[in-house]
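Presented below is the structure to which this report refers.
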Amino acid sequence: MSAIVNATYPTLNRNAGHRAMGVARMQLINKWTFLGIPAVIIAGAFLFSAVIWALIPDSVEVKYSGAGQAVMWYFFGLGIQSLTLSFPFSQGLSVSRRNFFLGTVGLFTVLAAAVSALYVVLGIIEKATNGWGLQGQMFAIEWVAEKSWFIQWFFYFVLMMFLFLLGFWAATVYKRWQTTGVLVMTLSAAVLLVGAVALITLQDWWPAVGTWIVALTPLTLGALAFVLVLVLGVAAYLTLRRATP
Amino acid sequence: MSIPIVQVQNLSRRYRDVTALDGVNLSLEQDKIYGLLGRNGAGKTTLMSILTAQGFASSGDVQVFGEHPYENEKVLSRICFIRESQKYPDDFKPVHAFKAAALFYKNWDEAMALTLAEEFQLPMKRRIKKLSRGQLSAVGVIIGLASRAELTFFDEPYLGLDAVARQLFYDRLLTDYAQFPRTIVLSSHLIDEVANLLEHVIIIDKGRILIDDDAENIRGSAINVAGTGARAESFAAGRTIVHRENVGALVSLTIEGTLSPAERREAQELGLEVSPVSLQQFVIRKTLDAGAPLERASTGAAPVKTAGTPTRTGARR
């Protein structure tokens, strides 16, 4: 039977990869979500910090600003949004779940790589210009900025991927199991966390944990987060495989 | 000649306490317009969701273009199913939705989409979530038509559309179908509204297929006979009575089958009024018959007199 159908119908033989690319392009149809808003957040956070740096008297040695992380939190929201808003629509356009995942996560991977590179470059400029001439410190965070450019880039990249995938997966869990699913997910995470703390306390492992934390470098922390990113990605994909619009 | 492009075997879908589909067997042929008719909650959307791999079956088998559609781009790229409650990205305007559709349908006809948008008076630059129900339906209808997918589903496409827009949709659908034949499935609970478009009718009720037949066969499969009680009853004796309606001394009977010329004469001599049964009436009789034996007629149908004329009660709900 299937042979007859296939012989009669000229099959499209459309390369599946094209459709993953189509998903990425669909996510970019409205330029604001993936490009405009992150740009505004980074630029806005920087300008605000610059104004504040200018107001603080120069007698302070380093004027630290945490505004660099603002865009990362947006990426957490973006992970949620890119699933909830676009997944049902992509289903209406008969895109497979696999290609929706590849297109969306692939697009964000490119974006995260670019923003991370931007952070590294801005960090270098910041250090070279004595904090934009204002002794400000926003992109060249001490603990990270002293490492090589690649480790800096890797650290930022993994952090952004982690936040995006966390949002993406949470939204997928909600799509598939609604509130119950998210509740079970957060409760399990809490139980795991409390369990770990209890274990460490009971076993008297706190000094060892302390040493371990102090010994963490951007590279080891990044590598650890990278494993989490992979776990999150696989979990999100497996959850999406059976999600309905 | 007729090639089945959709084959469904013993398909069931159970939710915790509801059986949405119950042992459905079905086959759709290439280049036909199907009507998937039934009441709200009959299982129409569930069935279409599973055929397009948007939803999942509990048991049974589905083949579309000879393969299972799930995660199968070869099959999926030939299907379009914009559901009645389709969600769009929050910040999307109709123009964005059409751009997105153009990315995935190789036969997408941009010029047609734009013409249709103008004809439906669709505000292309207004956010979709701010559109009226009718305008929202228009977005789905335009994507369905302009995608020219080999297998296209329209899910209650007329919701909120005014009479002019509805007629426009039916006209455009038929013109485009004549030019680019494909398989079209129109799901509807307003039956007479779409009756004239349909070549084949599938009636679904409580997750089961009640009728799966050519529209012509169905139109000829029952007839209304109305007149004074005793005369009508004796005329109908020995025939299967699908439905009975009493108004005072008058009775209106829906009987199965057709009348021979001799029988028509006999009915005339008895002073009985013979009239064809519209598809909508037929479906109502059949579904009521399948469920609780209600003696009450359909909501709007005026008794006896007008029962035979194919009414257009579309806009009423």
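For the range B:67-92, enumerate the residues that are under 18 Å from B:Val185 (Cβ atoms) and either of a type outside the set (A, V, I, L, M) or part of a loop (DSSP other than H, G, I, E, B) (or both).
Selection gives B:Pro69, B:Ser77, B:Arg78, B:Cys80, B:Phe81, B:Arg83, B:Glu84, B:Ser85, B:Gln86.
Kindly list the number of the only condition in (1) without any contact (Cβ under 8 Å) to a residue 24 or more places away in the chain; (2) on the phi > 0 side of the Ramachandran plot; (3) more than 10 Å from chain A (Cβ to nearest Cβ) that fails for B:Ser27.
Exception for B:Ser27: condition (2).
When you go through (1) more than 22 Å from A:Leu78 (Cα to Cα); (2) under 19 Å from the mean Cα position of the chain (by Cα) one by one for A:Ile213, which number turns out not to apply?
(2)
Which of the residues spanning the range B:253-282 are free of Cβ contacts under 8 Å to residues at least 60 places away in the same chain and part of a helix (DSSP H, G or I)?
B:Pro261, B:Ala262, B:Glu263, B:Arg264, B:Arg265, B:Glu266, B:Ala267, B:Gln268, B:Glu269, B:Gln281
Could you please let me know if B:Ala117 is of a type in the set (A, V, I, L, M) and within 13 Å of chain A (Cβ to nearest Cβ)?
In short, no.
Table: residues versus (1) among the aliphatic types (A, V, I, L, M); (2) touching a residue at least 60 places away in the same chain (Cβ under 8 Å).
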position	(1), (2)
B:Lys44	no, yes
B:Leu47	yes, yes
B:Asp61	no, no
B:His68	no, no
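Say we look at the range A:86-118 and pick out the residues that are surrounded by fewer than 19 Cβ atoms within 10 Å (Cβ to Cβ) and closer than 21 Å to B:Leu76 by Cβ; which of these is farthest from the other protein chains (Cβ to nearest Cβ)?
A:Gly106
What are the residue pairs meeting all of these: first residue in the range A:156-184, first residue over 20 Å from A:Val110 (Cβ atoms), second residue not in a helix (DSSP H, G or I), Cβ atoms under 7 Å, and 6 or more apart or on different chains?
A:Thr172/A:Ala243; A:Lys175/A:Ala243; A:Arg176/A:Arg242; A:Arg176/A:Ala243
Residue-wise test of (1) under 22 Å from the mean Cα position of the chain (by Cα); (2) within 14 Å of chain B (Cβ to nearest Cβ); (3) of a type in the set (D, E, K, R); (4) surrounded by fewer than 17 Cβ atoms within 10 Å (Cβ to Cβ).
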site	(1), (2), (3), (4)
A:Val120	yes, no, no, no
A:Gln137	no, no, no, no
A:Ala140	yes, no, no, no
A:Gly181	yes, no, no, yes
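Take the conditions of a type in the set (A, V, I, L, M, F, W, C), farther than 23 Å from B:Thr45 by Cβ, more than 7 Å from chain A (Cβ to nearest Cβ) and buried (at least 20 other Cβ atoms within 10 Å of the Cβ) and apply them to B:Ala97. Does it pass?
Answer is no for this residue.
Give me the residue from the range B:235-252 that is part of a strand (DSSP E or B) and of a type in the set (A, V, I, L, M) and, out of that set, nearest to B:Gly35 (Cα to Cα).
Here the answer is B:Val242.
Which members of the range B:225-255 meet the condition of being in contact with a His (Cβ under 9 Å, 6 or more places away or on another chain) and of a type outside the set (A, V, I, L, M, F, W, C)?
B:Ser252, B:Thr254
Is the range B:32-51 home to any residue that is among the aromatic types (Phe, Trp, Tyr) and surrounded by fewer than 21 Cβ atoms within 10 Å (Cβ to Cβ)?
no
Check A:Trp132 against each of (1) within 14 Å of chain B (Cβ to nearest Cβ); (2) over 18 Å from the mean Cα position of the chain (by Cα) and name the one condition it does not meet.
In the conditions (1) within 14 Å of chain B (Cβ to nearest Cβ); (2) over 18 Å from the mean Cα position of the chain (by Cα), A:Trp132 misses (1) alone.
This table checks each residue for (1) at pLDDT 95 or above; (2) within 14 Å of chain B (Cβ to nearest Cβ); (3) in a helix (DSSP H, G or I).
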site	(1), (2), (3)
A:Val191	yes, no, yes
A:Ala198	yes, no, yes
A:Val229	yes, no, yes
A:Gly233	yes, no, yes
A:Tyr237	yes, yes, yes
A:Thr244	no, yes, no
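Looking only at helices (runs of 4 or more DSSP H) that lie completely in the range B:93-181, which have at least 1 residues being under 24 Å from B:Pro4 (Cβ atoms), hydroxyl-bearing (Ser, Thr, Tyr) and touching a residue at least 40 places away in the same chain (Cβ under 8 Å)?
Passing ranges, in order: B:133-147, B:163-179.
Does the range B:41-49 include one or more residues that are assigned to a loop (DSSP other than H, G, I, E, B), within 17 Å of A:Pro88 (Cα to Cα) and within 11 Å of chain A (Cβ to nearest Cβ)?
Among the residues of the range B:41-49, not one is assigned to a loop (DSSP other than H, G, I, E, B), within 17 Å of A:Pro88 (Cα to Cα) and within 11 Å of chain A (Cβ to nearest Cβ), which makes the answer no.
For B:Ser147, all conditions in the list (1) within 14 Å of chain A (Cβ to nearest Cβ); (2) over 16 Å from B:Thr52 (Cα atoms) hold save one; what is the number of the exception?
Checking B:Ser147 against (1) within 14 Å of chain A (Cβ to nearest Cβ); (2) over 16 Å from B:Thr52 (Cα atoms), the one that fails is (2).
Sort through B:Ile143, B:Ile211 and tell me the only one that's farther than 25 Å from A:Met26 by Cα and aliphatic (A, V, I, L, M).
Being farther than 25 Å from A:Met26 by Cα and aliphatic (A, V, I, L, M) holds for just one of B:Ile143, B:Ile211, which is B:Ile211.
The values are calculated or read from the model by the stated rules, or taken from the named source; none is laboratory data. These numbers come from a predicted model, not from an experiment. Counting neighbours? That spans all protein chains shown, and the Cβs are built from the backbone with ideal geometry, glycine included.
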